[in-house]
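See structure below.
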Amino acid sequence: QKTHVNFRQVYDVPPLVFAIATSDGGDPCSLRVSNVTTTGFDIVQVEPSPEDGPHIAMTVHYFAIEPGVHRMPDGIVIVAGTISTTTVQHGSGVSGA
């Protein structure tokens, strides 16, 4: 089931969104983020095949940041951006590797 999340602030441009799942539930889960705008985004929790279906509700933490270079108060620099690639990345234990 898709959930819409409203940001606590409005961004000048759609930010990059990074979501982190918890370990709630007995089955694995992935998060899919879509429809990112300056005011919010949609997120859905999905289980891989052949699991038994919808994942139980869980708390999801996210981090949103506008593209660019950002210096934090403690001096840490975050470079936020995207990279266009067609390379498939996965471990050696994944079928087709």
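The values are calculated or read from the model by the stated rules, or taken from the named source; none is laboratory data. Since this is a predicted model, take the numbers as computed values, not measurements. Don't worry about glycine lacking a Cβ; one is built from the backbone with ideal geometry, like all the others, and counts go over all protein chains shown. What goes into the accessible areas is simple: the full protein's heavy atoms, side chains included, and nothing from ligands, DNA or RNA. Shrake-Rupley method; radii C 1.70, N 1.55, O 1.52, S 1.80 Å.
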Open item on the list: On the basis of being modelled with pLDDT of 90 or more and either of a type outside the set (S, T, N, Q) or in contact with a helix residue (DSSP H, G or I) (Cβ under 8 Å, 6 or more places away or on another chain) (or both), does Ile20 make the cut?
Closed with: no
Task: Tabulated pairs, the stretch 79-97, first under 30 Å from Gly68 (Cα atoms) and at pLDDT 85 or above, second of a type in the set (A, V, I, L, M, F, W, C) and surrounded by 10 or more Cβ atoms within 10 Å (Cβ to Cβ), C-beta under 6 angstrom, 6+ apart or interchain - done: Ala80/Leu16; Ala80/Ile65
TODO: Would you be able to tell me the number of residues in the stretch 9-32 that are in contact (Cβ under 8 Å) with a residue 24 or more places away in the chain and open to solvent by less than 60 Å² (accessible area, probe 1.4 Å)?
DONE: 11
